[in-house]
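Down below is the structure, laid out as structure tokens.
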Amino acid sequence: MSGGEILFLAHRIPFPPDRGDKIRSHHLLKGLAALAPVHVATLADDPKDMDCEAELAELATSHCLVSRTKPLWRAGAEALATGQPVSGPAFYHPDLARYVQIVLAERPVDTIVAFSSQMGQYIPAGFKGRVLFDFVDVDSAKFEAYADKSAWPMRWIHAREARLLRAEEAKLARRAKVSLLVSPEEAALFAARLSPEDRASCDVRGLRNGIDAVTFDPDLVLPEPRLLAKQGPRLIFTGQMDYAPNIDAALRVARSILPLVRQSCPDATFHVVGRNPGPALMALDGQEGVHVWGAVEDIRCWLAGADLALVPLDIARGIQNKVLEAMAMRLPVVLSSGAATGIAAQDGRDFLVCDCDAELAEAVIKLAASPQLRASIGDSARRFVVDEMSWAAMLAPLPELLGRPASKTRHAA
């Protein structure tokens with residue numbers, strides 16, 4: 001069994017846990033810190049992330065947090081010059097590389113846990129310990145989907161990124177003792193994209209996301225008054241709103257699904273809640289029942305004030321935290337089959353799964369007409385996530401994955 005210290009490499013600081021990847025890395029870091037002293041190398045996307053350094057310092061034995069300031073055009077130029085995927089130069093920082101070298105030279109680190117494929121570049125070729133890689137999603141498949149939906153030149157850019165990321169994913173899987181994906185379905189997709197030789201030799205597993213159902217409890221918060229002031233039924237979509245799949249889903253609702261709903265429910269409103277909504281979404285704010293709110297202080301209040309969540313993602317990789325959060329808040333969810341992937345809930349009991357616009361609109365109208373059905377599905381959804389999707393249950397395999405005995409308390413730093 002391993003007994004040394006852990007180096008955790010994360011492409012974004014795991015604080016605050018307010019978006020999908022950061023929620024997963026946050027809870028993974030907490031699980032690691034309960035097992036051994038952890039040294040954290042990570043990056044900050046904006047000044048607000050830097051404000052969380054004190055929280056990171058409380059959990060980590062040591063850390064290096066640097067700002068990611070390299071412009072995308074420069075990362076793209078470096079990638080073209082070196083034959084790398086753009087995400088490599090975009091997430092490279094020399095200070096982080098130096099910190100990794102120092103930690104490995106001075107501390108008894110026997111395990112490196114890397115979160116997201118961008119961080120594989122920091123793992124020294126000569127490291128002899130255990131490497132655990134959490135890819136989260138199959139990024140190469142996501143860029144393939146982007147390429148299929150894009151026109152030139154973005155089609156070429158996305159296709160290049162997909163091709164190079166696929167090769168990088170295979171290389172990193174060969175390097176890792178275990179490769180993790182966010183669900184068994186995502187793990188199966190990842191493995192299927194490896195060569196037969198790699199598939200036979202690489203250990204690829206699913207480790208699902210959980211939900212903090214203690215925090216996401218509708219009885220702990222009051223509904224957002226600004227949302228309650230709008231006409232109903234109130235439909236909500238949450239997430240990081242500069243993320244392409246979220247943008248596409250919100251635009252799909254605003255342009256295609258909501259007009260169908262309003263034919264039967266003229267007062268229906270659609271509320272987009274999340275950071276950094278772009279011009280395409282902001283142009284729809286206030287038009288035909290659409291409201292774009294941007295970043296909010298407490299997403300739970302907005303979920304508590306909605307009548308249902310509508311999540312029609314076309315491109316959905318891994319488990320959608322937005323779905324788990326809505327379910328935990330006792331909110332009925334209408335979602336696409338892609339958004340439901342990896343959540344072993346029952347269609348018709350815990351949520352409603354549809355794919356075409358007409359079926360999604362019909363499901364919304366059905367829920368809008370029946371407070372009893374909304375309450376029944378909402379109650380069932382919360383029971384499901386409380387019983388089946390807690391973070392403690394999801395991270396229970398972590399000690400075995402790391403070759404360490406389980407611990408119920410935080411390791412002394």
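List of remarks:
- The condition (being in contact with a Pro (Cβ under 8 Å, 6 or more places away or on another chain), hydrophobic (A, V, I, L, M, F, W, C) and in the same structural domain as F237 (by TED's automatic domain parsing)) is satisfied by just one residue among L284, L313: L313.
- Screening P89 against (1) over 29 Å from G4 (Cβ atoms); (2) in contact with a Leu (Cβ under 8 Å, 6 or more places away or on another chain); (3) without any contact (Cβ under 8 Å) to a residue 60 or more places away in the chain; (4) surrounded by 20 or more Cβ atoms within 10 Å (Cβ to Cβ) leaves a single unmet condition, (2).
- Looking only at the stretch 102-144, and only at residues there that are crowded, with 18+ Cβ neighbours inside 10 Å and out of contact with any strand residue (DSSP E or B) (no Cβ under 8 Å at 6 or more places or on another chain), the one that is nearest to V182 (Cα to Cα): D139
- Matching option when the condition is surrounded by fewer than 23 Cβ atoms within 10 Å (Cβ to Cβ), in contact with a Leu (Cβ under 7 Å, 6 or more places away or on another chain) and either among the small types (G, A, S) or touching a residue at least 12 places away in the same chain (Cβ under 8 Å) (or both), among M389, M329: M389
- All conditions in (1) at pLDDT 95 or above; (2) assigned to a loop (DSSP other than H, G, I, E, B); (3) under 25 Å from P16 (Cβ atoms) hold for L32, with the sole exception of (2).
- The numbered conditions (1) buried (at least 21 other Cβ atoms within 10 Å of the Cβ); (2) assigned by TED's automatic domain parsing to the domain that holds A306 are all true for L165 except (2).
- If you check A54, A44 for being assigned by TED's automatic domain parsing to the domain that holds H158, exposed (fewer than 15 other Cβ atoms within 10 Å of the Cβ) and closer than 24 Å to D298 by Cα, only one passes: A54.
- For the condition under 22 Å from I343 (Cβ atoms), at pLDDT below 95 and surrounded by 19 or more Cβ atoms within 10 Å (Cβ to Cβ), S183 qualifies.
- Test: residue in the stretch 241-255 that is out of contact with any helix residue (DSSP H, G or I) (no Cβ under 7 Å at 6 or more places or on another chain), among the aromatic types (F, W, Y) and either crowded, with 16+ Cβ neighbours inside 10 Å or free of Cβ contacts under 8 Å to residues at least 40 places away in the same chain (or both): yes
- Within the stretch 98-121, being within 20 Å of G76 (Cβ to Cβ) and part of a helix (DSSP H, G or I) holds for S117, Q118, M119, G120, Q121.
- One residue stands out in the stretch 264-290 among those that are touching a residue at least 12 places away in the same chain (Cβ under 8 Å) and in a helix (DSSP H, G or I): the one that is farthest from the chain's Cα centre (by Cα), namely S264.
- Conditions (1) crowded, with 17+ Cβ neighbours inside 10 Å; (2) more than 21 Å from V178 (Cβ to Cβ); (3) among the basic types (K, R): number failed by R98: (1)
- Pick from the stretch 194-229, criterion surrounded by fewer than 17 Cβ atoms within 10 Å (Cβ to Cβ) and charged (D, E, K, R), ranking: nearest to the chain's Cα centre (by Cα): R205
- Of the helices (runs of 4 or more DSSP H) that lie entirely inside the stretch 122-226, those containing 3 or more residues that are basic (K, R) span 154-175.
- Residue count, the stretch 46-97 (criterion: part of a helix (DSSP H, G or I) and of a type in the set (S, T, Y)): 2
The values are calculated or read from the model by the stated rules, or taken from the named source; none is laboratory data. From a predicted model like this one, the values you see are computed outputs, not experimental measurements. Don't worry about glycine lacking a Cβ; one is built from the backbone with ideal geometry, like all the others, and counts go over all protein chains shown.
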